[in-house]
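The values are calculated or read from the model by the stated rules, or taken from the named source; none is laboratory data. Computed from a predicted structure; not experimentally measured. Glycine gets a Cβ as well: all are built from the backbone with ideal geometry, and neighbour counts include every protein chain shown. All accessible areas refer to the heavy atoms of the entire protein, side chains included, with ligands and DNA or RNA removed. Shrake-Rupley method; radii C 1.70, N 1.55, O 1.52, S 1.80 Å.
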Protein chains: 2
Amino acid sequence: MPKLIAIDWGTSSFRAWLLGARGTVLDEVPSGPGILSVPEGDFDAAFETALGHWLSTHPDLPVIASGMITSRNGWIETPYLPLPLDARSLADALTAHVTKRGRRLHFVTGAVRNPDHGLPDVMRGEETEIIGHLAASAVAEGLFVLPGTHSKWAWVEDGRLTGFDTCMTGEVFAILRDHSILGRLINDGSTSSDAFRRGLEAGRGEGALLTRIFSARSLALMDRLEEGEIADYLSGLLIGDEVAGALSSAQGPVTIIGRGDLAERYRVALAHAGAEATLAAPGMARAGLWEIAKLAGVIG
Amino acid sequence: MPKLIAIDWGTSSFRAWLLGARGTVLDEVPSGPGILSVPEGDFDAAFETALGHWLSTHPDLPVIASGMITSRNGWIETPYLPLPLDARSLADALTAHVTKRGRRLHFVTGAVRNPDHGLPDVMRGEETEIIGHLAASAVAEGLFVLPGTHSKWAWVEDGRLTGFDTCMTGEVFAILRDHSILGRLINDGSTSSDAFRRGLEAGRGEGALLTRIFSARSLALMDRLEEGEIADYLSGLLIGDEVAGALSSAQGPVTIIGRGDLAERYRVALAHAGAEATLAAPGMARAGLWEIAKLAGVIG
């Protein structure tokens, strides 16, 4: 019997689950429009289009959503929650919203680290995945990385999220490939794990990152890197630099919350840097949404 | 009386000079098509269009050119000269080329640093500017920076270019501004030297560069940076990181070979990092072309 509709609604992704008792998955909508793909920002229409079949079959089922949907470019903008935070504080900070058709939604807000001195940082969505992992694994401490367009490195102490950093690796890789001189020589080849590892080595090197990335071109000009290898080399270089920077301020085993090829790249990069890394079980976003909804008393 | 036509022909720039005795400037063509702007790669036509008035008036005047014009995307591709090099070795390596109309040109080739271990690097054009500065100033030692789309840091010992690094700062700034999420909040404001200095401070900071650049967004989201200040902040952050990386491997006073606002930004960044910096006199490209042509016996 369905208990909750849970939505992970990001910048370029949309996933939703129909959850039953104890958060078991009864049905899934695996894809939909990310918030930047919603025509004219009509989130009411996008919501009905994506989930109408569940909404009409289960008119009284509570709905909870997390991710960039609560950002300035989203459905409603909710204030960030300061650190430290846990599932309880996220549950207490849920924002209720009634759609044009009268459906009640609960939005999980994002997190902010905004020190008086030093640089601020923000996240929307990843806090829910971290909470999900803590709830699912009964872990209360650790260093986590969530690979993505903007990867997040997060520190958990005593069951609470106490710090995090954003790294723009994924986005910068894409714009270097698509818009910089480094992309001109790139030929899409088959994936080269050797080129990726050579990139990791350069990523750990000395000197400015924007100097080291030029080697993706100069190695090719010297015939020391094939055109089909440049993309993997550059990916390794950026991820290697990211991992070295993260491990310079935090030690210990790292848990990767993510899936597929990108999560595997981070696993290899962490091992290359001498850090123990484990992959979290899949489904952490929906686990977090379930946990927060439960604590908030939203589930009927 | 004219002695030489000298051309500095880069990726996105073209400048040429009609030089008289001792390299004095008799006339100048201040702009023309960079090599990527030459229609269908017809460099013969571009050359005639840009300089036809000089070519017909002075049919026997020698012509010398340096820059990306000798690259894979240029008129002819010439092999890079390995380090160390000086004006004499560049003069000995001139490549003669006869145009379709029978005009004889001399191309100055670029430089390569290609160690067995470690990353290679290449330049085309900057070596001529450095040679020009050495000839004009009688300096034989030092650390030089040539700001640009790809800035170059170069080491000179005993009158010879012994090492250099490329840093993609200018190009990465442009693509972050034009294609990344950081650009979305940017409003062109008046130039803010305060925001530039705040960026320099973040550029000297700890952790991965791709983490620190995200502060150009998060500071704005926190209302700690105005939208009109984001571009200058980001510029400072990237240049600050570049300068910190360069000074970590080389100390001593720095000579900036460049002009205008960008050269001034590097001067401020170097001073902020505690390094003494001086600005080279203008005209180093033509001074280098003159020196190389003189040593090669090209000048009539």
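Beta bridges from DSSP with both residues in chain B: antiparallel share about 65 percent, rounded to the nearest 5. Each other copy places its own label point for residue B:185 at 3.6 nm from this one, sorted shortest first, where the point lies 7 Å along the Cα-to-beta carbon line.
Remark on the range A:168-196: accessible area falls by at least 30 square angstrom from chain-alone to full-complex state for A:168, A:171, A:172, A:175, A:179, A:181, A:184, probe 1.4 angstrom.
Distance between the 7 Å Cα→Cβ label points at residue A:37 and residue B:223: 3.5 nm. Positive end of the dipole of the protein assembly as shown (Cβ unit charges, origin at the Cα centre): among B:292, A:13, B:120, the Cα lying farthest that way belongs to A:13.
For the protein assembly as shown, give the percent of accessible area contributed by carbon and sulfur heavy atoms, probe 1.4 Å, rounded to a whole number. Don't skip to the end; give the middle numbers.
Details: 11870 of 24630 Å².
In the protein assembly as shown, the share of accessible area belonging to carbon and sulfur is 48 percent.
Shielding by partners for peptide B:121-127, expressed as the average number of C-beta atoms from other protein chains within 10 Å of each residue's C-beta, is 2.
Among A:239, A:268, A:70, which residue has its Cα furthest toward the positive end of the charge dipole of chain A, with +1 on Lys/Arg Cβ and -1 on Asp/Glu Cβ? Looking along the dipole axis, the top candidate is A:70.
Keeping all protein chains in place, calculate the accessible area per residue for the range A:99-208 (probe 1.4 angstrom), answer in Å². List each step's numbers first, then the result.
Numbers: 4620 Å² over 110 residues.
Value returned for the range A:99-208: 42 Å² of accessible area per residue.
Distance from the Cα centroid of the range A:8-57 to that of the range B:183-212 is 37 Å (rounded to whole angstrom).
For the range A:240-285, which GluC sites (Glu not before Pro) are in a loop by DSSP, counting at most 16 other Cβ atoms within 10 Å? Could the numbers behind the result be given before it?
Values: sites: A:242, A:264, A:276; in loops: A:276.
Listed in order of number, the matching sites are A:276.
The charge dipole of the range A:178-247, taken about the Cα centre with unit charges on the Cβ atoms of Lys, Arg (+1) and Asp, Glu (-1), comes to about 200 debye, rounded to the nearest 20. Taking the Cα centre of the protein assembly as shown as origin and assigning +1 to Lys and Arg Cβ atoms and -1 to Asp and Glu Cβ atoms, the resulting dipole is close to 360 debye. The contact between chain A and chain B removes approximately 4000 Å² from the accessible area (both sides summed; 1.4 Å probe; ligands, DNA and RNA excluded).
Looking only at the protein assembly as shown, where both bridge partners belong to it, what percent of the DSSP beta bridges are antiparallel (to the nearest 5)?
On the way: 60 of 90 bridges.
Within the protein assembly as shown, antiparallel bridges account for around 65 percent of the total.
A crude spin-label estimate for the pair residue B:194 and residue A:181, with each label 7 Å from Cα along the Cβ direction, gives 3.6 nm. Its convex hull of Cα atoms gives the protein assembly as shown a direction-averaged projected area, equal to a quarter of the hull surface, of 29.0 nm².
Counting only other chain Cβ atoms within 10 Å of each residue's Cβ, the peptide A:211-223 averages 6. Mean residue ellipticity, 222 nm, helices only, the protein assembly as shown: the sum of -39500 (n - 2.57) across DSSP H runs of n ≥ 4, divided by residue count and rounded to 500, is -11500 deg cm²/dmol.
So what is the relative contact order of the range B:175-300, in percent, for Cα pairs below 8 Å that sit 6 or more residues apart?
On the way: 155 pairs, mean separation 29.7, N = 126.
Reported relative contact order: 24 percent.
Per residue of peptide A:232-239, the mean number of Cβ atoms on other chains within 10 Å of the residue Cβ is 1. Within a straight-line Cα-Cα reach of under 28 Å, residue A:294 can be paired with the following lysines, leaving aside sequence neighbours fewer than 8 residues apart in one chain: A:3, A:100, A:152.
For a test of the definition: using alpha carbon positions, the gyration tensor, and the 1.5 limit on a/c, classify the range A:59-206 as rounded, prolate or oblate.
On the way: a/c = 2.19, a/b = 1.63, b/c = 1.34.
Because a/c hits 1.5 or more and a/b exceeds b/c, the range A:59-206 counts as prolate.
From the square roots a ≥ b ≥ c of the eigenvalues of the alpha-carbon gyration tensor of the range B:167-279, which class results: rounded (a/c under 1.5), prolate (a/b over b/c), or oblate? Cα axes put the range B:167-279 in the prolate bin.
Ascending distances from the residue B:228 label point to its copies in the other chains, with the point 7 Å along the Cα-to-beta-carbon line: 5.3 nm.
Once Rh for chain A is found with the Kirkwood sum over Cα pairs, what is the Stokes-Einstein diffusion coefficient at 20 °C and 1.002 mPa s, in µm²/s? Mind showing how you got there, number by number?
On the way: Rh = 20.4 Å.
Answer, rounded: 105 µm²/s.
Along its three principal directions, the equivalent ellipsoid of the range B:1-65 from the Cα gyration tensor extends over semi-axes of 21, 13, 8 Å, largest first. Here is how far apart the residue A:206 label points are across copies: 2.0 nm, shortest first, using a point 7 Å from Cα toward Cβ.
If you place +1 on the Cβ of every Lys and Arg and -1 on the Cβ of every Asp and Glu, how big does the dipole about the Cα centre of the range B:42-187 come out, in debye to the nearest 20? Numbers along the way, then the final one.
Values: 12 positive and 18 negative charges, 83 e Å.
Value, rounded to 20: 400 debye.
Between the alpha-carbon centres of the range A:225-288 and the range B:219-262 there is a gap of 29 Å.
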